[in-house]
């Protein structure tokens, strides 16, 4: 083994107060978000207004893959893609052994720094492709959908949801890029290293758990089913009216 490593005796560690508080905070928003995600999956899966829409099929696909209930080929494909970047640096980031009856973790800092650079590049590429794909989809929708009241609302909904989703992923991209740059030029203050991993956790959660909330905010169909809005049908079309308490 290489001498470029740090050793952690995993059975001798104790949870400090910041770690416990972070776990409590994550549970406080993670459990409700998971329940909301399950509810949205059920609502869109069985609701009549969602079944024939290709847009909601994509929403279901996204929700299900984030909840780790994807079809086997999706899981396999995700595993392959997620492991591709590791071939761009040498060695493992961590190695875990049982030595003399103790569970020990070796961390390799140089490999970890290389991995951070690769993650930053791939994150930026992924964000760029997502943004371009979203803009292309919106442009295509505007061309193919007839100019009418309902079609305009669909275009606005697509635009808002795509924009909000991209902004949520921006947090994770910013973390990856800033962290990579900090390793070379020490751009961030001294306390950055102490909260670095915590920021990644919250940035990742923001992206992973955001879609149900985005639907609640921008999707009128979901709002109507949850009685947040009500539909009034008239001879001139459909009017959406907010319910005031």
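The values are calculated or read from the model by the stated rules, or taken from the named source; none is laboratory data. Computed from a predicted structure; not experimentally measured. Methodologically, a virtual Cβ is constructed for each residue, glycine included, from the backbone with ideal geometry; neighbour enumeration extends over all protein chains shown.
For region 153-211, a residue qualifies if it is outside any helix (DSSP H, G or I) and in contact with a strand residue (DSSP E or B) (Cβ under 9 Å, 6 or more places away or on another chain), but none of them does.
State which residue is nearest to residue 221 (Cα to Cα) when the search covers only region 125-165 and only residues that are exposed (fewer than 13 other Cβ atoms within 10 Å of the Cβ) and at pLDDT 75 or above. Taking the candidates together, the pick is 136.
In region 7-118, counting only helices (runs of 4 or more DSSP H) that sit wholly within it, the ones holding 3 or more residues that are farther than 19 Å from residue 196 by Cβ and at pLDDT below 85 span 48-51, 54-66, 72-83. Checked against (1) buried (at least 18 other Cβ atoms within 10 Å of the Cβ); (2) within 21 Å of residue 131 (Cβ to Cβ); (3) modelled with pLDDT of 85 or more, residue 208 passes all but a single condition, namely (1).
Listed by first and then second residue, the pairs with beta-carbon distance under 7 Å, at least 6 apart or on different chains, first residue in region 86-102 and in contact (Cβ under 8 Å) with a residue 24 or more places away in the chain and on the phi < 0 side of the Ramachandran plot, second loosely packed, with under 13 Cβ neighbours inside 10 Å and in a strand (DSSP E or B), are 102/9.
Before we move on, is residue 187 without any contact (Cβ under 8 Å) to a residue 24 or more places away in the chain and touching a helix residue (DSSP H, G or I) at 6+ places or on another chain (Cβ under 6 Å)? Write out each step before concluding.
Working: without any contact (Cβ under 8 Å) to a residue 24 or more places away in the chain: yes; touching a helix residue (DSSP H, G or I) at 6+ places or on another chain (Cβ under 6 Å): yes.
Answer is yes for this residue.
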